[in-house]
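Q: Okay, here's the structure, questions in a sec.
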Amino acid sequence: MSDVIPLNDALLQTRGLSKHFGGLQVTRQLSFSLKAGARVGLIGPNGAGKTTLVNLVTGVLEPSAGSVWLNGEDVTRLSQPERVRRGLVRTFQITQLAPRIAVRRQVEMAIHQRRGSVSSWFRPADAFAEVRDEAEGILQALRLDGLADSLPVELAYGEQRLIEIALALALQPRVLLLDEPMAGVPAAERTIILDALSTLPPDLAILMIEHDMGLVFSFASRIIVLSEGSLLADGTPEEIRNHPAVRSVYLGTAA
Ligand SMILES: Nc1ncnc2c1ncn2[C@@H]1O[C@H](COP(=O)(O)OP(=O)(O)O)[C@@H](O)[C@H]1O
Ligand SMILES: [Mg+2]
């Protein structure tokens, strides 16, 4: 495992992160860092602990040992919403969209959530206009503006997954963790998501879990490989492609 990067260089850092469920050790002493602008793929066989890692980083789960640092602050004991407010945002492996609320409305709701304006009685009209404009901007950036008045239930699955990314962006993340954003998306629609990801702000750090190696290699400039909860490799796509242990894990799984 590579040395821990000094905190002033890392936006997100885990130190010795471990998790067990009863006797089952699922995350083993994981230390890694993401810098601003990182484009990192997180891969590993089913059950390797990828989703668990995202759950530990975002506060869905409490670690058995180790810590999570965001921009130099220890956030290990903070709740999920407190981490979101600091810019640590994720999407889920299983879709979390409300199926029958218009796309635009859902993005606006996420912006209101971020601004803390959801429950205020008095909202000046220009605050509404700001939120509407911001939602429009997010949808345009992802080329979803044509779907703003649609209900998710009417849309293709690839479009739905893209809307989830729009909702995440509405929270103004500094670190975005995407748990299999293309899972279940037909191959023909995947490039739409990949194209949209390439338009995201360059200083946003993105960690994407993805099984499709072609997609991972075209998205990521760095790849982290988990195997049975341990960090098996961390390197450039080229290094990972030629990594003997990674190859044997994947050949082993395919067999
Ligand atoms: N809440 C839980 N309770 C018990 N075991 C769990 C729980 N969540 C995950 N696991 C186990 O942890 C391991 C890793 O799961 P997961 O992180 O979902 O893997 P991945 O996302 O890499 O496929 C699996 O063996 C899974 O069954
Ligand atoms: Mg998973």
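Q: Looking at 162, 151, 194, 177, which one is in contact with a Lys or Arg (Cβ under 7 Å, 6 or more places away or on another chain) and under 23 Å from residue 43 (Cβ atoms)?
A: Result: 177 is the single residue among 162, 151, 194, 177 that is in contact with a Lys or Arg (Cβ under 7 Å, 6 or more places away or on another chain) and under 23 Å from residue 43 (Cβ atoms).
Q: Here is a further query. Would you confirm whether any residue within region 134-142 is in a loop (DSSP other than H, G, I, E, B), in contact with a helix residue (DSSP H, G or I) (Cβ under 9 Å, 6 or more places away or on another chain) and at pLDDT 85 or above?
A: Yes, region 134-142 has at least one match.
Q: I'd like the full set of residues that are touching a Ser or Thr at 6+ places or on another chain (Cβ under 7 Å) and surrounded by fewer than 16 Cβ atoms within 10 Å (Cβ to Cβ), limited to region 18-58.
A: Within region 18-58, just 20 meets the criteria.
Q: Is it true that residue 93 is of a type outside the set (Phe, Trp, Tyr) and surrounded by fewer than 14 Cβ atoms within 10 Å (Cβ to Cβ)?
A: Taking the combined requirement at face value, the residue does not satisfy it.
Q: Okay, next question. With the requirement that a residue be modelled with pLDDT under 95 and more than 20 Å from residue 245 (Cα to Cα), what does region 1-21 give you?
A: Hits for region 1-21 are 4, 5, 6, 7, 8, 9, 10.
Q: Here is a list of conditions, (1) crowded, with 20+ Cβ neighbours inside 10 Å; (2) in a strand (DSSP E or B); (3) away from ligand 1 (no atom under 12 Å from the Cβ), and residue 107 meets all of them except one; can you say which number that is?
A: Condition not satisfied by residue 107: (2).
The values are calculated or read from the model by the stated rules, or taken from the named source; none is laboratory data. Just so it is clear, the structure is predicted and the values come from calculations on it, not from any experiment. Note that each Cβ is placed from the backbone with ideal geometry, even for glycine, and that neighbours are counted across all protein chains shown.
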